[in-house]
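The values are calculated or read from the model by the stated rules, or taken from the named source; none is laboratory data. Since the model is a prediction, treat every value here as computed from it, not as a measurement. A quick note on method: Cβ atoms are made from the backbone with ideal geometry, for glycine too, and the neighbour counts reach across all protein chains shown. Remember, those area values only see protein heavy atoms, side chains included, never the ligands or the DNA or RNA. Shrake-Rupley method; radii C 1.70, N 1.55, O 1.52, S 1.80 Å.
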Amino acid sequence: MAEEEPEFEWYHEFIDENHVPNADELLVVFKAKPSHGFTFKDIAGRVASESSIGTWTTLATLDENIRSLMAKAYYLDEDEGIIKVAYPIELFELGNISQLFSSVMGNIFGMKAVKSLRVLDIRFPREYIESFKGPLFGIDGVKNILKVYDRPILATVPKPKVGLDSEKYARVAYEIALGGIDLVKDDENLTSQNFNKFEKRLELVMKAIEKAEKETGERKGYLVNVTSDPREMERRIKLVADYNNRFFMLDILCVGPAAMQMARDLAEDYKLAIHAHRAFHAAFTRNKDHGVSFFVIAKIARLVGVDHIHVGTNVGKMEADLKALRDIQRVITENKFTPETGDRILEPQEWFGVKPVFPVASGGLHPGILPDLLKFMGKDLIIQVGGGVTGHPDGVVAGGMAVRQAIEAYLNGIPLEEYGKTHRELARALEKWKFVRPA
Ligand code: CAP
Ligand code: MG
């Protein structure tokens, strides 16, 4: 007779549907599907067990006081595939963001019994939130640096993404700033290649920006990409301050949570604002059945303390779910996030005064679609327009002017084509791109 399979029912000890989560617990909302031969309860117990104190077998070493650290799957909705788990806060090292990933976003993704798993939300309790710095500047602080209050803040990447040498790059940066764009932004894959070394680029772009500030009378900044190994990143962040720049950019998912947290400490030392680029996110946020939602990544970025973060757009070239985009914008800007009516998945999140993070809209934007963007996302926004400025038929300065004119038209309730009759740069942008939504 086949040997009796050992029972793994003990995993079910991590399920307690009578548990009422309390304010001090960290809650995680999962979407999950069981592999063939396993029940939904089987995987609910496994996810709660493997992400807290358990393993595949009962333990002689599991004494009573450790049981108090068991996570509890307290909400199971098999039809929706939703499992909510409550974690005692003692399971986590306060102030250590990497350990959050290794706990509730670690082994559980690889368990054989779990066919697919996606983290949809993490509700942080007050004690956990207060163990992190949060944004140094936040939305109001960044507006004060640039002295821009009544319109979106604008950024442009000196395209092509990479390839320009430092001198040419600085020239394009000067024209971007001269045309009315507030922030020059490095592309996510420009760091310190041989043809455009970091320090040379920083020195020349800062000279270009200072010149444009004098000629425009407007404050400007440079989102210089410091992405590198932590030691080199620290050296580059110090250089940013040495060259009197107030910002730096970081590919937060390419460097990882620990380096993001270190960068936040350095931002404090040098009083710099952090622009978080999210390159690499779509590798694990896009599949609606497996991975981590960007909603969770955005919350973690606010917790650790970036000042700006790319969130997507409703009109650009990157894929976006409109409800998710609204939820993301709200959860990084509101002090008390409450899910939309009827949303039984997301959890309310109180931020206890943590500063709001500037949402960044970017990707395939150009003057013709900015009104549609602003109608949906509002004007408390940083808008990055790369190709939509550097691809203008009359050059980069005209490209920046066309973006400013499109924003002016929208804020004054004037249709773009009407405004284009008296603003040539906008008219020329509409001639080239009309109202196309790039893909
Ligand atoms: C946009 C961009 C940004 C994307 C990132 C690019 O350039 O610089 O990295 O917006 O996507 O390299 O594609 P364009 P997201 O303005 O020329 O499209 O903002 O969704 O993270
Ligand atoms: Mg880019």
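For (1) farther than 17 Å from TYR169 by Cα; (2) assigned to a helix (DSSP H, G or I); (3) outside the structural domain of ARG151 (by TED's automatic domain parsing); (4) touching a residue at least 12 places away in the same chain (Cβ under 8 Å), each residue gets a yes or a no:
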site	(1), (2), (3), (4)
ASN189	no, no, no, yes
LYS200	no, yes, no, yes
MET206	no, yes, no, yes
ARG219	yes, no, no, yes
GLU234	yes, yes, no, yes
Completion exercise
Expected single match for on the phi < 0 side of the Ramachandran plot and assigned to a helix (DSSP H, G or I) among ARG118, ARG46 is ARG46
Completion exercise
All conditions in (1) without any contact (Cβ under 8 Å) to a residue 40 or more places away in the chain; (2) open to solvent by 30 Å² or more (accessible area, probe 1.4 Å); (3) not aliphatic (A, V, I, L, M) are true of LYS317 except (1)
Practice task
Take the stretch 310-324 and flag every residue that is more than 16 Å from ligand 2 (Cβ to nearest atom) and touching a strand residue (DSSP E or B) at 6+ places or on another chain (Cβ under 9 Å).
Solution key: ASN314, VAL315
Completion exercise
Taking the stretch 256-281 and keeping residues open to solvent by 10 Å² or more (accessible area, probe 1.4 Å) and either of a type in the set (Asp, Glu) or within 16 Å of ligand 2 (Cβ to nearest atom) (or both) leaves ASP265, GLU268, ASP269, HIS277, ARG278, ALA279, PHE280, HIS281
Exercise for the section: List every residue pair whose Cβ atoms sit under 8 Å apart, with the two residues 6 or more apart in sequence or on different chains, where the first one lies in the stretch 160-173 and is away from ligand 2 (no atom under 13 Å from the Cβ) and the second, anywhere, is charged (D, E, K, R) and in a helix (DSSP H, G or I). Expected result: SER166/LYS200; SER166/ARG201; TYR169/ARG201; ALA170/ARG201; ALA170/LYS207
Handout entry: Selected residue [in contact with a Pro (Cβ under 6 Å, 6 or more places away or on another chain) and either in the same structural domain as VAL28 (by TED's automatic domain parsing) or touching a residue at least 12 places away in the same chain (Cβ under 8 Å) (or both)] from ALA259, ALA276, ALA298, ALA267
Key = ALA259
